[in-house]
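The values are calculated or read from the model by the stated rules, or taken from the named source; none is laboratory data. A quick note: this is a predicted structure, and the numbers were derived from the prediction, not measured. All Cβ positions, even for glycine, are placed from backbone atoms using ideal geometry, and neighbour counts span all protein chains on display.
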Amino acid sequence: MRVTFVTSNPNKYREVRRILRPFGISVDWRRLELPEPQADSLAEVVRAKLAHIPRRRGVLLVEDSGLFLKGLGGFPGVYARYVYGTIGLPGVLRLLKGKGRSAVFRTVAGVRHGRSVWLIEGRSTGSIALTARGSNGFGYDPVFVPTGSDRTYAQMTAVEKDRTSHRARAMRGVGRKLVKARARRNGSA
Ligand code: ITT
């Protein structure tokens, strides 16, 4: 089975390709920056991304991710991309000084297959490190410490990050659902 994943972010593509491979799903990358409307929720952004892509055959996949910081009332949340590109990690660490450091990373994956649209969410809970650590991964990985670890995602291997990451959880949900749909189509479930 093949899916077309539309994202501007090569790191996301690498992760998604790796996560879906065990489900027997190959991922074709369409590199495109889709407009992200000012929206309150990742789900709304995902629906807007799907709506922007013309209908065509095959399975289409998009996702939107956000980092929700408890000490900042959920900021940057859906605006994680903008905040990363403006104040960056140093700015986020400055804003968090003296505040609670718990955090949730969320990914909402959106799949369009024919007339069906599915949204599937994955979450990783954790906290924000006092300083950036590690050089693997991308984006907020150097500051995000998942629950149960004392290392940031940037200090982990790709396989270690996939065990708990928001994206891996959302994409494994996508993988399971696509495998089930294929089995139904083939009349074997
Ligand atoms: P799209 O084209 O798919 O939208 P993007 O990089 O703009 O790619 P998002 O808006 O979903 O993606 O991401 C919001 C921000 O969060 C952005 O700065 C990403 O680098 C960062 N981010 C997303 N997933 C991450 C992860 O697993 N680890 C660290 N940072 C991540």
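Here Pro54 meets the list (1) away from the ligand (no atom under 14 Å from the Cβ); (2) loosely packed, with under 14 Cβ neighbours inside 10 Å; (3) part of a helix (DSSP H, G or I) almost entirely, failing just condition (3). Could you tell me whether the range 4-15 includes any residue that is more than 13 Å from the ligand (Cβ to nearest atom) and of a type in the set (Lys, Arg)? No, every residue in the range 4-15 fails to be more than 13 Å from the ligand (Cβ to nearest atom) and of a type in the set (Lys, Arg).
Scanning the range 110-143 for residues that are closer than 25 Å to Leu72 by Cβ, under 14 Å from the mean Cα position of the chain (by Cα) and in a strand (DSSP E or B) yields Glu121, Gly122, Arg123, Ser124, Thr125. Being surrounded by fewer than 17 Cβ atoms within 10 Å (Cβ to Cβ) and either of a type in the set (Lys, Arg) or more than 14 Å from the ligand (Cβ to nearest atom) (or both) is a description that does not apply to Asn136.
A quick yes/no check of all residues on (1) within 13 Å of the ligand (Cβ to nearest atom); (2) in a helix (DSSP H, G or I); (3) of a type in the set (Lys, Arg):
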position	(1), (2), (3)
Val145	yes, no, no
Lys161	yes, yes, yes
Arg167	yes, yes, yes
Gly173	no, yes, no
Val179	no, yes, no
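Of all residues in the range 147-167, which are in contact (Cβ under 8 Å) with a residue 24 or more places away in the chain and either of a type in the set (S, T, N, Q) or surrounded by 22 or more Cβ atoms within 10 Å (Cβ to Cβ) (or both)? Within the range 147-167, Lys161, Thr164, Ser165, His166, Arg167 qualify. Residues of the range 58-110 being of a type in the set (S, T, N, Q) and without any contact (Cβ under 8 Å) to a residue 24 or more places away in the chain, which ones? Within the range 58-110, Thr86 is the sole residue that qualifies. Checking the structure you have, find out if any residue of the range 35-50 is in a loop (DSSP other than H, G, I, E, B), under 29 Å from Val143 (Cα atoms) and near the ligand (Cβ under 8 Å from one of its atoms). Checked the range 35-50: at least one residue is in a loop (DSSP other than H, G, I, E, B), under 29 Å from Val143 (Cα atoms) and near the ligand (Cβ under 8 Å from one of its atoms).
Identify all residues within the range 1-34 that are loosely packed, with under 13 Cβ neighbours inside 10 Å, in contact with a Lys or Arg (Cβ under 8 Å, 6 or more places away or on another chain) and either aliphatic (A, V, I, L, M) or not in a helix (DSSP H, G or I) (or both); write none if there are none. Of everything in the range 1-34, those that are loosely packed, with under 13 Cβ neighbours inside 10 Å, in contact with a Lys or Arg (Cβ under 8 Å, 6 or more places away or on another chain) and either aliphatic (A, V, I, L, M) or not in a helix (DSSP H, G or I) (or both) turn out to be Ser8, Ser26. Within 10 Å of the ligand (Cβ to nearest atom), modelled with pLDDT of 95 or more, in a loop (DSSP other than H, G, I, E, B) and not acidic (Asp, Glu) - does that describe any residue in the range 61-76? Taking every residue of the range 61-76 in turn, none turns out to be within 10 Å of the ligand (Cβ to nearest atom), modelled with pLDDT of 95 or more, in a loop (DSSP other than H, G, I, E, B) and not acidic (Asp, Glu).
Hey, can you tell me all the residues within the range 168-189 that are at negative phi and exposed (fewer than 14 other Cβ atoms within 10 Å of the Cβ)? Result: Arg176, Lys180, Ala183, Arg184, Arg185, Asn186, Ser188, Ala189. Report yes if some residue within the range 124-133 is under 30 Å from Ala51 (Cα atoms) and modelled with pLDDT of 95 or more; otherwise report no. Within the range 124-133 (the criterion being under 30 Å from Ala51 (Cα atoms) and modelled with pLDDT of 95 or more), the answer is yes, since at least one residue qualifies.
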